[in-house]
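Have a look at the structure below, then the notes.
The values are calculated or read from the model by the stated rules, or taken from the named source; none is laboratory data. A quick note: this is a predicted structure, and the numbers were derived from the prediction, not measured. Neighbour counts are summed over all protein chains in view; Cβ atoms, including those assigned to glycine, are modelled from backbone coordinates with ideal geometry.
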Amino acid sequence: MPETRELHLAVALDGAGWHPAAWRSPGARPGELFSAGYWADLAREAEAGALDFLTIEDSLGLQRRGPRVGDRGDQVRGRLDAVLTAARIAPHTTRIGLVPTAVTTHTEPFHLSTSIATLDYVSEGRAGWRPRVAASPEEAWHFGRREFPPLTPENVTDPAVAAHLSDLFDEAADAVEVVRRLWDSWEDDAVIRDEPSGRFVDRDKLHYIDFDGRWFAVRGPSITPRPPQGQPVVASLAHAEVPYRFAARASDIVFVTPASAGHAVTIVQEVRAAELAVGRAGRAGPGSGAAPLAVYADLVVFIDEAPGAAAARKRRLDDLDGAEFATDCAIVAGTPAELADLLLGWRQAGLDGFRLRPGALPHDLEQITRALVPELRRRGAFRSGYAESTLRERLALPRPASRYQIGAA
Amino acid sequence: MTKQVILGAHFPGVNNHTVWSDPEAGSQIAFSSFAHLARTAEAGLFDFFFLAEGLRLREQRGKIHDLDVVGRPNTMTVLAAVAAVTEHLGLAGTIQATYNEPYEIARQFATLDHLSGGRAVWNVVTSPDAFTGENFRHGGYLDRGDRYVRAAEFVQATRELWESWDGDAIVADPARGEFSRPGARRGRFEYRTENFGISGNFTVPRSPQVHPVILQAGDSDGGREFAAHSADGIFTRHSTYDAGRAFYADVKSRLARYGRSPDSLKVLPGASFVLGDTPADAEERARHIRRQQVSPQTAILMLEQVWNTDLSSFDAEGPLPPFDPDPEAPSIIQGRARMYDDPVAVARKWRALAEEKSLSIRDLIIEVTGRQTFTGTPASVAAEINRSVQDDACDGFILVPHLIPAGLDEFAATVVPLLQERGVFRSSYEEGTTLRDRLGLGPARPAASWAAARTEHVDA
């Protein structure tokens, strides 16, 4: 069956790229990872390729590999706040969506709501948000308010640890609910500037949200008027049932990590099952219209035109790092044509798009925008440019009315 | 030596000073408004752009206040975007120490400092109230004494975090395979006090200013002392010449006990202004603006803030209430600091004044509230500003226009050149400098030095 739906492509930006030795690649800019110019250049490059959106990774803790934090002087350590980085690059771009990561654990939902709403204002309708939990005790110590159990790859299935993680996702779902309610707490036409009555705002169109949950209570309304998109786009990364359910409750997009085309079929089924389990399927999603979760597969990509060159490049980086690179998603090294084949094949599993994680920056991003995108266009599988102005429009998500508006669905 | 004037550009706030009914009044939330004011300030070579913050919509008599401009962005997020449309301008954000954690605030200001090339300013405010706290996880009320102790510890915690990476920790040398220098400190921190117990690894490497410039807003004794031991500048309401001189002398006299020189703390009053081609023209414009700022509805509302009761049945063009306020009644205003210490005395004074001059409620309110700090020709305003600075009534002003977004345009075009002519204001930005350099604050003083000076004095 020929695929008629539009293919969505996002790029995931993180430091010098996803390979831990990427900063040592020719063309890398390791001395500029904390400068605005570096991030603005990456954003402009992604926009030149007409990609749907970019994501920016973030964490409340320092990068780590293995048990100890900060123990590798030969790898990138340190990062900037992703929401602020997204805001800093917004004025340098006009079309690409900006989806920073921001943590829901330890943080205030009220601030998250205003910061993403503000990103939507400064980008004129291009904001998204990737909510993320912070499960480790190390991150909890940064705040000194909660004690979390130790977390290792081995103990995540222990009942106590599993319950802890499940709680964090429940808390995250509450945080997203509060954030969405606050986005809705000003109706779109609340500002009236009515001179005869002396009123700037119609207070009947400002709403208390009165959320009272297990972790926090928030009264509202927001201090920030309803953002241009009404509800900026929420996207979350998920590898298992609990986060699938979180995505089904809270998100518009879920990033998943299939190892193969067949695995992608299974994961899409699991995502649909999660939607059913939380009651999303067949009715309005969480404040975001009736759309089912859009499912994007994450892939780390190494791309070069010459056959075998990308794989060789990855091996060189592996050698520099002293270990074969492995991560939470599949790693693909190939030519633009090979990668195009893979994307178009995998999407038959029911995927709506892909979030490509460049192995090395800016090289693999440039390969996406200058080689992969043209290859997909030649096959009639990717847009020739941007037609829409807001991120929601591009993703075919209708702009929802405020839930507090009289007559809202 | 001739002092140089410091100028800040305050984005108009959510109060009746900001006129929304004027045909020139633009959006209070569109990014273009923030970009416009910031670009004007940079074209006028201002030191910094300034944003206030309020984390709950104000209420009066249990209802959301609807007469003034309302609705504003997240402070840090909009400043990060303003960094993209400016090159030299400092970026000052007001952030509550109460409804945030040091780790987050340190991360955000260090990030802003990186992304702006050393232009970040934190205006610390600490006015916890249970009303605002209803929007937050940790909204608990702190009494006034505790709040400055916690705030001082909070700022100290952020200083420790900002220093937690060695300045030369990142070498990014691919040939040697060293991203960071072996043995360098990379974010390790521990801070334990009465109010905080935090430790771990800070994610943001040392930023260009190391410590963003710290301002303190608040004129109380506790606020002044906090500024003396923990801040680089103080944002004050004392904008008039005489009040400014007394305030300035008091604040600067507090510095020695913390081992600081008088010029290490900048005194920066907020100030409004009206310009005109002639003194009479300026006066006429000022009267017009005051009437825009005090609508009939606003006049009644401001009267209620003193009488502390519903006066909506009164006519703003008619006489004042014949009765006194009830000081025992619960406050009708929430989301804003209490404005009058002795409302009965204020009410009697206002009534006497209204009777004496035959003023209506609206005229009375215009008479007694919020007169513009500077009204005059560009030449007279430049002279007044310079006099206040040279005579130690302040070190400069944070100017608050009454119109969004163009309210600073005229000042930048007409007053700034006159200050330059007097040799008291820069004629260009010096390349490659941080805001800290530009303000003459010198390199960031180490966290340990701040802490030692503060605790020695407290213990003594």
Inset, instruction - Determine if segment B:388-399 includes at least one residue that is surrounded by fewer than 21 Cβ atoms within 10 Å (Cβ to Cβ), of a type in the set (Asp, Glu) and over 16 Å from residue B:6 (Cβ atoms). - result: no
Inset, instruction - Check whether at least one residue in segment B:413-431 is surrounded by fewer than 22 Cβ atoms within 10 Å (Cβ to Cβ) and modelled with pLDDT under 95, and report yes or no. - result: yes
Inset, instruction - Go through the residues of segment B:216-223 one by one and say whether even a single one is modelled with pLDDT of 95 or more, assigned to a loop (DSSP other than H, G, I, E, B) and surrounded by fewer than 18 Cβ atoms within 10 Å (Cβ to Cβ). - result: no
Legend entry - residue B:99 vs. criteria hydroxyl-bearing (Ser, Thr, Tyr), within 14 Å of chain A (Cβ to nearest Cβ) and out of contact with any strand residue (DSSP E or B) (no Cβ under 9 Å at 6 or more places or on another chain): yes
Legend entry - Residue list for segment B:165-182, restricted to those being over 20 Å from residue A:317 (Cβ atoms) and without any contact (Cβ under 8 Å) to a residue 12 or more places away in the chain: B:182
Inset, instruction - Return yes when residue A:117 is touching a residue at least 60 places away in the same chain (Cβ under 8 Å), small (Gly, Ala, Ser), within 14 Å of chain B (Cβ to nearest Cβ) and buried (at least 21 other Cβ atoms within 10 Å of the Cβ) and no when it is not. - result: yes
Inset, instruction - Quick one: residue A:145 ticks every box in (1) charged (D, E, K, R); (2) in contact (Cβ under 8 Å) with a residue 24 or more places away in the chain; (3) crowded, with 17+ Cβ neighbours inside 10 Å except a single one, so which number is it? - result: (3)
Inset, instruction - For residues that are of a type in the set (A, V, I, L, M), more than 7 Å from chain A (Cβ to nearest Cβ) and within 14 Å of residue A:76 (Cα to Cα), tally how many sit in segment B:171-202. - result: 2
Inset, instruction - Specify which of the listed residues (B:316, B:299) is in a helix (DSSP H, G or I) and on the phi < 0 side of the Ramachandran plot. - result: B:299
Inset, instruction - Mind telling me which of the residues A:385, A:359, A:345 ends up being touching a residue at least 60 places away in the same chain (Cβ under 8 Å) and within 28 Å of residue A:232 (Cβ to Cβ)? - result: A:385
Inset, instruction - Any chance you could count how many residues in segment B:82-100 are touching a Leu at 6+ places or on another chain (Cβ under 8 Å), crowded, with 24+ Cβ neighbours inside 10 Å and touching a residue at least 40 places away in the same chain (Cβ under 8 Å)? - result: 5
Inset, instruction - Considering each residue of segment B:205-217, count those that are within 10 Å of chain A (Cβ to nearest Cβ) and closer than 16 Å to residue B:93 by Cβ, and give that number. - result: 1
Legend entry - Filtered residue count, segment B:303-319, keeping only those that are closer than 17 Å to residue B:368 by Cα and away from chain A (no Cβ under 12 Å): 8
Legend entry - Flag if residue B:310 is in contact with a Ser or Thr (Cβ under 8 Å, 6 or more places away or on another chain), acidic (Asp, Glu), part of a loop (DSSP other than H, G, I, E, B) and not assigned by TED's automatic domain parsing to the domain that holds residue B:382: no
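Here's the yes/no breakdown for (1) more than 19 Å from the chain's Cα centre (by Cα); (2) of a type in the set (Ser, Thr, Tyr); (3) surrounded by 21 or more Cβ atoms within 10 Å (Cβ to Cβ); (4) within 25 Å of residue A:103 (Cβ to Cβ):
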| position | (1), (2), (3), (4) |
| --- | --- |
| B:76 | no, no, yes, yes |
| B:110 | yes, no, yes, yes |
| B:122 | no, no, yes, yes |
| B:134 | yes, no, no, yes |
| B:150 | yes, no, no, yes |
| B:166 | yes, no, no, no |
| B:169 | yes, no, no, yes |
| B:174 | yes, no, no, no |
Inset, instruction - Would you be able to say whether some residue in segment A:71-91 is closer than 26 Å to residue A:370 by Cα and of a type in the set (D, E, K, R)? - result: yes
Legend entry - Failed item, numbered, when residue B:2 is tested on (1) at pLDDT 95 or above; (2) in contact with a Lys or Arg (Cβ under 9 Å, 6 or more places away or on another chain): (1)
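Matching residues to (1) surrounded by 15 or more Cβ atoms within 10 Å (Cβ to Cβ); (2) in contact (Cβ under 8 Å) with a residue 40 or more places away in the chain:
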| site | (1), (2) |
| --- | --- |
| A:224 | yes, yes |
| A:230 | yes, yes |
| A:244 | yes, no |
| A:263 | yes, no |
| A:305 | no, yes |
| A:316 | no, no |
Inset, instruction - Kindly provide the set of residues from segment B:278-302 that are closer than 17 Å to residue B:61 by Cβ and either away from every other protein chain (no Cβ under 12 Å) or within 26 Å of the chain's Cα centre (by Cα) (or both), ordered by number. - result: B:298, B:299, B:301, B:302
Legend entry - Residue satisfying all of: in segment A:176-195; of a type outside the set (A, V, I, L, M, F, W, C) and more than 10 Å from chain B (Cβ to nearest Cβ); farthest from residue A:116 (Cα to Cα) among these: A:189
Inset, instruction - Say whether the condition of being within 14 Å of another protein chain (Cβ to nearest Cβ) and not basic (Lys, Arg) is met by at least one residue in segment A:230-252. - result: yes
Legend entry - So residue B:121, is it more than 11 Å from every other protein chain (Cβ to nearest Cβ), farther than 25 Å from residue A:105 by Cβ and of a type in the set (A, V, I, L, M): yes
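Conditions tested, residue by residue: (1) touching a strand residue (DSSP E or B) at 6+ places or on another chain (Cβ under 8 Å); (2) not hydroxyl-bearing (Ser, Thr, Tyr).
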residue	(1), (2)
B:276	yes, yes
B:304	yes, yes
B:313	no, no
B:316	no, yes
B:329	no, yes
B:343	no, yes
Inset, instruction - Please name all residue pairs, on different chains or six or more residues apart, with Cβ atoms under 7 Å, provided the first residue is in segment B:12-35 and is more than 9 Å from chain A (Cβ to nearest Cβ) and the second residue is of a type in the set (A, V, I, L, M) and not in a loop (DSSP other than H, G, I, E, B). - result: B:19/B:289
Inset, instruction - Please go through segment A:161-194 and pick out each residue that is over 30 Å from residue A:140 (Cα atoms) and acidic (Asp, Glu). - result: A:184, A:187, A:188, A:189, A:194
Legend entry - Selection count where residues are assigned to a strand (DSSP E or B) and under 21 Å from residue A:223 (Cα atoms), scope segment A:115-130: 3
Inset, instruction - Kindly indicate whether any position in segment B:48-59 is buried (at least 24 other Cβ atoms within 10 Å of the Cβ), within 14 Å of chain A (Cβ to nearest Cβ) and aromatic (Phe, Trp, Tyr). - result: no
Inset, instruction - Within segment A:162-192, track down each residue that is touching a Ser or Thr at 6+ places or on another chain (Cβ under 9 Å) and of a type in the set (Val, Ile, Thr). - result: A:176, A:178, A:179, A:191
Legend entry - Failed criterion for residue B:26 (all others in (1) crowded, with 22+ Cβ neighbours inside 10 Å; (2) touching a helix residue (DSSP H, G or I) at 6+ places or on another chain (Cβ under 6 Å); (3) not hydrophobic (A, V, I, L, M, F, W, C) hold): (1)
